[in-house]
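Participant: Can you read through this structure? Questions will come right after.
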Amino acid sequence: MENARPLFENTCEKTVFSKLHERYAKDLHDFIYYKFGEQYNPKDKVQEAFMKLWENCKKISPDKAKSYLFSVANNTTLNTIKHRKVVLKYESNASKNNSTNQDPQFLLEEKEYLNKYQKALSNLTEEKRVAFMLNRVEGKKHKEIAELLGISRKAVEKRIYSALKQLRRDIDGI
């Protein structure tokens, strides 16, 4: 029977995907806009979320699409926020360093350390990196992170702990 095939294949059909877009695009845009503001380009985040859904359409059934879209858009925006904070922090540190007469050896070592740190951060899984950055960069409590990511407090603690452990291993001397 034609109707007996699994539902998850339907997300890849253009008509189903189009209906998902019609149903969730505005809500997804509003969610990103109200949660993070216009400066994080909610339209772009909506497009990115739907592109991810299309790339993974065989794995995501239509009944799971809404949850998937909101998770992807939320995480993409959090990553953008995190990246901006790292850039701003680096720029402010760089401007402070330029205004003082520091030892060139120290500046070289600091730059090498920052490169190691950035590389170590990029080696973390997205889940670990998001939890770690929300806690250490934004200063959010475990409970806040758990609510934001929709996971348990224990899961947050485990992600942060394993991120710290991995960062210590990847960067000598922390």
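The values are calculated or read from the model by the stated rules, or taken from the named source; none is laboratory data. Just so it is clear, the structure is predicted and the values come from calculations on it, not from any experiment. All Cβ positions, glycine included, derive from the backbone under ideal geometry; neighbour counts span all protein chains shown. Note: accessible area is taken over every heavy atom of the protein model, side chains too, but ligands, DNA and RNA are not part of it. Shrake-Rupley method; radii C 1.70, N 1.55, O 1.52, S 1.80 Å.
Participant: Does Val16 satisfy being among the aliphatic types (A, V, I, L, M), surrounded by fewer than 19 Cβ atoms within 10 Å (Cβ to Cβ) and either touching a residue at least 24 places away in the same chain (Cβ under 8 Å) or in contact with a strand residue (DSSP E or B) (Cβ under 9 Å, 6 or more places away or on another chain) (or both)? Let's see the steps before the verdict.
Facilitator: Working: among the aliphatic types (A, V, I, L, M): yes; surrounded by fewer than 19 Cβ atoms within 10 Å (Cβ to Cβ): yes; either touching a residue at least 24 places away in the same chain (Cβ under 8 Å) or in contact with a strand residue (DSSP E or B) (Cβ under 9 Å, 6 or more places away or on another chain) (or both): yes.
Yes, satisfied.
Yes/no per residue for (1) touching a strand residue (DSSP E or B) at 6+ places or on another chain (Cβ under 8 Å); (2) closer than 29 Å to Val16 by Cα; (3) open to solvent by 60 Å² or more (accessible area, probe 1.4 Å); (4) part of a helix (DSSP H, G or I):
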| residue | (1), (2), (3), (4) |
| --- | --- |
| Lys35 | no, yes, yes, yes |
| Val46 | no, yes, no, yes |
| Ala49 | no, yes, no, yes |
| Lys52 | no, yes, yes, yes |
| Asn115 | no, no, yes, yes |
| Gln118 | no, no, yes, yes |
| Met133 | no, no, no, yes |
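Participant: Run down Leu88, Leu148 and say which single residue is more than 16 Å from the chain's Cα centre (by Cα) and open to solvent by 40 Å² or more (accessible area, probe 1.4 Å).
Facilitator: On the way: Leu148 fails: more than 16 Å from the chain's Cα centre (by Cα).
So the residue among Leu88, Leu148 that is more than 16 Å from the chain's Cα centre (by Cα) and open to solvent by 40 Å² or more (accessible area, probe 1.4 Å) is Leu88.
Participant: Hey, Arg159 hits all of (1) within 17 Å of Ile81 (Cβ to Cβ); (2) open to solvent by 30 Å² or more (accessible area, probe 1.4 Å); (3) touching a helix residue (DSSP H, G or I) at 6+ places or on another chain (Cβ under 6 Å) but one; which does it fall short on?
Facilitator: Looking at each condition in turn, Arg159 falls short on (1).
Participant: Pull out all pairs, ordered by first then second residue, where Cβ-Cβ is under 6 Å, the residues are six or more apart or on different chains, the first lies in region 148-166 and is assigned by TED's automatic domain parsing to the domain that holds Leu124, and the second is of a type in the set (Val, Ile, Thr) and open to solvent by less than 70 Å² (accessible area, probe 1.4 Å).
Facilitator: Once the first residue is assigned by TED's automatic domain parsing to the domain that holds Leu124 and sits in region 148-166, its partners that are of a type in the set (Val, Ile, Thr) and open to solvent by less than 70 Å² (accessible area, probe 1.4 Å) give Val156/Ile145.
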